[in-house]
Amino acid sequence: MNLHKTGIATPSTKAKFRPLSLDKVRVGGFFGPRIDTICATTARTLFDRCIEAGMLDQVDPDRPNPGQVIPFTHNSTVTTQMFWDSDFGKSIETAAYALNHREDGELEALCDTVIAAYGRLQQADGYLNSWYIRIEPGQRWTNLRDRHELYNAGHMIEGAIAYYHATGKRAFLDMLCRYADHIDETFGPEAGQLRGYPGHPELELALVKLGRVTGERRYLELARFFVDERGRDPKYFDIEAARRGERPDAFHFGTFEYCQAHQPVREQTRVVGHAVRAAYLYAGMADVATEFSDDSLTGPLDTLWSHLTDRNLYITGGFGPSADNEGLTFDYDLPNETAYAETCASVALVFWASRMLGRGADGRYADIMEQSLYNNALAGLSLDGTRFFYDNPLESRGGHHRWTWHRCPCCPPNISRLVASVGSYIYGVADGEVAVHLYNASEAEIEVGGTSVKLVQTTDYPLKGAVDIAVEPTTACRFTLSLRVPAWSRSGRVWINGEPVDVAVKAGYLRLERNWAPGDRVGLELDLTPRRVYANPRITVDQGRTALMRGPFVYCLEETDNGADLNALVLPDAAPLLEEDVDDLGGIVRLTASGFRETWHGEGTLYSLAPPTREAAQLTAIPYYAWDNREPGAMLTWIRREDTK
């Protein structure tokens, strides 16, 4: 397609860092057992529950048409049945990553069954959406604002790419290339094309992936069109509403801030609206900035990043406190018990952070990627791989538990595909540089400077702070190996072949430039000393409280370890935080400390002239991601503190 001239793109000479495709990474260590669980249980569970919900009946034209089975919501605007293609797309993507990890003929056959149904469904012009083909024919491209049509396409494209990498089979990828070609013909600046864009961003990310895997630049240009066109006047969502015979102001959510279409992206300065949509959009912007060396997006992205991380991010890496809009409200509004912090939002934040690293290794982004991954995102999947959190409060009185499924089942396959593909977030590769963003036992095959290099990480991180990296180029070659030193680590000591190296941390990374030879080894030691964290006083619910962290993990108290009424527990500032390796919960480091429990003796009264009495108590904390995997009960992240100075 011929993209319109914006006159705003500024070329950049920054290196372009890209992730490794998953077939180039083998993952063990901390994430290995979690990926094993996805292979053995979760990947098949996703398909089973999708099919039980009736999704294959809608997709497969050889089956009786089920019609609409889920009611409309939002003033008869949408039904989650419209999004089913995205759930299948993410489930296929999860299965692909599982198949990449280990062979499973039955799981592969199940994927092929669903893919074959989509093959029978696809229209002659390439269009592929089960709702608009079978349930509401004749209405394609009439409501981009609400009905996730382009969002569904994005998730199916990502599933097709992953399945191609895992199996080498092209059928699904070829289908989705035809669909992408149809979208490219339909949308754009030329006469006869629609100047629309996704109501729910996500397709932008998929198109960049598709451009990279196929080498077709038109897919990258289409992603750029969607980014550039978003929010421009006249607003496309108003135009299409008028075409439907609706008043443009009849939008259920009242403002285009909800879907980040209120302003052109380069004018946006605040993270607003639906949290998942926001992070997907910004991830797409970052991808476009990298692929087109477009520095006109750098300033807006950094401003948006700062607004989120400085004023609106939970300590767990979740964001979006409100269930009403599944998103943002006002700065410093971070309630704990009613926190929404959707699992999909933290997954999307990992995507955004990883793509911000496309312009270079910078700890600001990698630290948040890790924080969100190990806490809010990872909590979304139970240790047995069968249950899922949709929302992630930081406090529960005992009534919040994982779902076996959800009326809007976007989160189960989303967290599953993230965990199963974690290997693709560990490394970034540019001309002459390899960046290690995350530490996890793994083996990676990398092309750098025209030379094949094998990197082998040996580590028990994040339970232990020692990391050993074997560097094995096929022949000696010169490149920079950049190792992240998290901001929370008080030190980051490094050795090459047993000899200490004195190198300064720059933008959160140790940059080791040298001629690397087969047999070279790099050692890194990070400080995992437990620490107390305090909240900005503007977060009123956290005043007088502290949170506990060790390495990337946020910790919490559970009723099963500490008894009921967790808010009666008080942790003195001077109490040492003790570490204990335990086999419980898949193997964790548990934190304990001596504190107090307050007891109210004015039985039957709300108030008294006498203060509560105190008795000694031991506080036991576990990583937040692991809560609600044992006996049901209360949970608390922000603990009452006592200043003992």
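FYI, it's all coordinate maths here, none of it is from the lab. Fair warning: this is a prediction, and the values are worked out from it, not measured in the lab. No Cβ is skipped: glycine too gets one built from the backbone with ideal geometry, and neighbour counts run over all protein chains shown.
The table below gives the values:
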{"item": "Packing-based order for 464-470, 246-252, using average beta carbon neighbours within 10 Å, highest first", "result": "464-470, 246-252"}
{"item": "Prolate/oblate/rounded label for region 428-526 (Cα gyration tensor, a/c 1.5)", "result": "prolate"}
{"item": "Exposure proxy order (Cβ contacts within 10 Å, fewest to most) of VAL69, VAL533", "result": "VAL69, VAL533"}
{"item": "Cα-based equivalent ellipsoid, region 1-143: semi-axes from gyration tensor eigenvalues, Å", "result": "30, 28, 15"}
{"item": "Sorted largest first, extent of region 94-245 alpha carbons per principal axis (Å)", "result": "51, 33, 23"}
{"item": "Cβ crowding within 10 Å averaged over residues, with 322-330, 224-232 ranked highest first", "result": "224-232, 322-330"}
{"item": "Relative contact order computed over the chain (Cα-Cα under 8 Å; 6+ residues apart), in percent", "result": "13 percent"}
{"item": "Only Lys, Arg (+1) and Asp, Glu (-1) charged, at Cβ; region 442-535 dipole about Cα centre in debye", "result": "480 debye"}
{"item": "Cα→Cβ-extended label distance, 7 Å offset, between THR303 and ALA487, nm", "result": "2.1 nm"}
{"item": "Cα gyration tensor category, rounded, prolate or oblate, for region 531-642 with a/c compared to 1.5", "result": "prolate"}
{"item": "Entries in LYS90/LYS464; LYS16/LYS464; LYS169/LYS209; LYS169/LYS235 that, when Cα-Cα distance is taken, lie over 29 Å", "result": "LYS90/LYS464; LYS16/LYS464; LYS169/LYS235"}
{"item": "Protection-proxy order for peptides 91-97, 80-86, each taking the mean of Cβ atoms within 10 Å per residue, highest first", "result": "91-97, 80-86"}
{"item": "Value of [θ]222 nm, deg cm²/dmol, for the chain, DSSP H segments ≥ 4, -39500 (n - 2.57) each, nearest 500", "result": "-9500 deg cm²/dmol"}
{"item": "Simple spin-label estimate for THR142 and ARG514 in nanometres, 7 Å along Cα-Cβ", "result": "6.6 nm"}
{"item": "Contour minus Cα-Cα distance for ALA40 and ASN75 (0.36 nm per residue)", "result": "8.5 nm"}
